[in-house]
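To start, the structure itself, in structure tokens.
The values are calculated or read from the model by the stated rules, or taken from the named source; none is laboratory data. Just so we're clear, the structure is a prediction, and the values are computed from it rather than from any experiment. No Cβ is skipped: glycine too gets one built from the backbone with ideal geometry, and neighbour counts run over all protein chains shown.
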Amino acid sequence: MIEFRKLTKSYDHKVNVVDQLDMVINDGELVVLIGESGCGKTTTMKMINRLIEPTSGEILVNGENVLAMNPIELRRNIGYVIQKVGLMPHMTVADNIELVAYLKKWDKKKRRQRSSELLDMVGLDPALYLDRYPHELSGGQQQRIGVARALAVNPDIILMDEPFSAVDPITREQLQEELIRLQDEVKKTIVFVTHDMDEALKLGDKIAVMKDGKIIQFDTPENILKNPINEFVEYFVGKDRLWKSPEMLFAQDIMHKRPTGVLADRTPAYALELMREKETEFLVVVDAPSDRPRHMLGVITPRELKGKGTVEKNKMRDLMRTNHPTVTERTNMVDVLSLMKTHHVRNIPVLGEEDGYFKGLITYGSIVNIITDAITEIESDEGKEVSHDQ
Ligand SMILES: Nc1ncnc2c1ncn2[C@@H]1O[C@H](COP(=O)(O)OP(=O)(O)OP(=O)(O)O)[C@@H](O)[C@H]1O
Ligand SMILES: [Mg+2]
């Protein structure tokens, strides 16, 4: 765990470059620092491994004040990856990766075993790459070596300062995917700096949006997108981004929260009347009235009722269809849409993730509403910009 307490950095002619930061980064979390150039991201990061000394405040790593630690020892125990990789040009890939292990006096066999293992981990064949020199590698490959080097002595904490910003967009995407995969495996505590909100949303367990040395919002990607705390964060996120990131939009955000249900022992006549009244052709058959938690038992549409309208002994439970697809509250919009498409349905009941209760209903209408909202917001924003210019 990394904890900042009123962490502050000032220079003679520039005060509060980092301004009273309070923040807790839990073990195994990847936290992204994002903000405009000069807002203090690198300074914050470098204070963690004491490449920069704070003016005031504290940094605790696993409860211990880093200012009381030997800075060299501290740095050897924290992985560090930077934009301009910083590989030693006259050393082979293996020697580059093994540098800290060497300083820690690991024996040669153990070092070589570890560097081979790490090359594998970052997707490079050790047989081909161990003995190469940095200039024989592409920018993306060099970045991978940078990541491997940071992992070499298995540190709990890794600092990454815009590690992928100097490579082309395709390589960048690959490196991001690899980091996600790697993080699944190794579960390090990672502080990751970027300018790029897409990258932040993709990688971060949490995102800290910074401005003028302060943290404006520290939250999950989902909350940053859906509940930006003020206009600055909203501007930074970009209003249309939620719509551009449909995988961040979940069934619970789209669904009707008071869906119409019909009890299992109701008659066809009752169901038809309910459909007329609610102007719907889709009823979910439930086991309890709407003021109580209820399970979905099946669905009823006019098709199931056809010709049954007058046969009163038929109840919903005898007529309902039980194979209709459902989703949970946390199913994302992309999956909801693809389910609608593959099953040719326009309505999907939403069930509780944990309790399995019937929670809501997604209809074509609810999706159209979301799309219209997004488009209206984007348009009205663009309108604002135009009037600005005039
Ligand atoms: N040694 C220094 N002396 C004076 N001011 C400094 C010094 N180092 C950094 N600064 C200032 O501190 C502020 C924060 O710098 P920092 O490098 O942390 O920004 P950053 O958020 O990482 O920016 P970027 O996105 O451009 O990398 C900047 O305004 C910078 O000019
Ligand atoms: Mg920086």
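Suppose we filter 199, 222, 234 for residues that are more than 22 Å from residue 3 (Cβ to Cβ) and within 16 Å of ligand 2 (Cβ to nearest atom); which single one remains?
Every option except 199 fails the conditions.
Of the numbered conditions (1) of a type in the set (A, V, I, L, M, F, W, C); (2) within 23 Å of residue 194 (Cα to Cα); (3) more than 16 Å from ligand 2 (Cβ to nearest atom); (4) touching a strand residue (DSSP E or B) at 6+ places or on another chain (Cβ under 7 Å), residue 66 satisfies every one except a single condition; which is it?
That leaves (2) as the condition not met.
With the requirement that a residue be charged (D, E, K, R) and more than 18 Å from residue 3 (Cβ to Cβ), what does segment 202-218 give you?
Passing the criteria: 202, 211, 212.
Taking segment 130-157 only, how many residues are buried (at least 20 other Cβ atoms within 10 Å of the Cβ) and more than 32 Å from the chain's Cα centre (by Cα)?
So the count comes out to 0.
Okay, residues lined up against (1) small (Gly, Ala, Ser); (2) modelled with pLDDT of 90 or more; (3) buried (at least 18 other Cβ atoms within 10 Å of the Cβ):
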{"residue": "185", "(1), (2), (3)": "no, no, no"}
{"residue": "214", "(1), (2), (3)": "no, yes, no"}
{"residue": "238", "(1), (2), (3)": "yes, no, no"}
{"residue": "248", "(1), (2), (3)": "no, no, yes"}
{"residue": "251", "(1), (2), (3)": "yes, yes, yes"}
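I'd like the residue in segment 159-182 that is among the hydrophobic types (A, V, I, L, M, F, W, C), within 16 Å of ligand 1 (Cβ to nearest atom) and modelled with pLDDT of 85 or more and, out of all such residues, is surrounded by the most Cβ atoms within 10 Å (Cβ to Cβ).
Among those residues, the one meeting the criterion is 159.
Answer yes if at least one residue in segment 300-323 is closer than 16 Å to residue 256 by Cα and at pLDDT 90 or above, and no otherwise.
no
Which members of segment 354-371 meet the condition of being charged (D, E, K, R) and more than 25 Å from the chain's Cα centre (by Cα)?
Across segment 354-371, there are no qualifying residues.
Yes or no, residue by residue, for (1) more than 16 Å from ligand 1 (Cβ to nearest atom); (2) modelled with pLDDT under 90; (3) buried (at least 19 other Cβ atoms within 10 Å of the Cβ):
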| residue | (1), (2), (3) |
| --- | --- |
| 4 | no, no, yes |
| 11 | no, no, no |
| 41 | no, no, yes |
| 53 | no, no, no |
| 67 | yes, no, no |
| 77 | yes, yes, no |
| 87 | yes, yes, yes |
| 90 | yes, yes, no |
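Listed residues 21, 67; which is more than 29 Å from residue 168 (Cβ to Cβ), assigned by TED's automatic domain parsing to the domain that holds residue 102 and touching a helix residue (DSSP H, G or I) at 6+ places or on another chain (Cβ under 7 Å)?
21
Considering segment 83-105 alone, what residues qualify as being in a loop (DSSP other than H, G, I, E, B) and either within 30 Å of residue 195 (Cα to Cα) or touching a residue at least 24 places away in the same chain (Cβ under 8 Å) (or both)?
83, 84, 85, 86, 87, 88, 89, 90, 91, 92, 104 - these are the residues of segment 83-105 that are in a loop (DSSP other than H, G, I, E, B) and either within 30 Å of residue 195 (Cα to Cα) or touching a residue at least 24 places away in the same chain (Cβ under 8 Å) (or both).
Which condition number does residue 190 fail, the rest of (1) closer than 22 Å to residue 61 by Cα; (2) within 22 Å of the chain's Cα centre (by Cα); (3) outside any strand (DSSP E or B); (4) not small (Gly, Ala, Ser) being met?
Here residue 190 meets the rest and fails (3).
Keeping to segment 175-190, report how many residues are over 20 Å from residue 142 (Cα atoms) and either aliphatic (A, V, I, L, M) or outside the structural domain of residue 225 (by TED's automatic domain parsing) (or both).
The number of residues fulfilling the criteria is 1.
Does residue 178 count as touching a residue at least 40 places away in the same chain (Cβ under 8 Å), within 23 Å of residue 25 (Cβ to Cβ) and part of a helix (DSSP H, G or I)?
So residue 178 passes the test.
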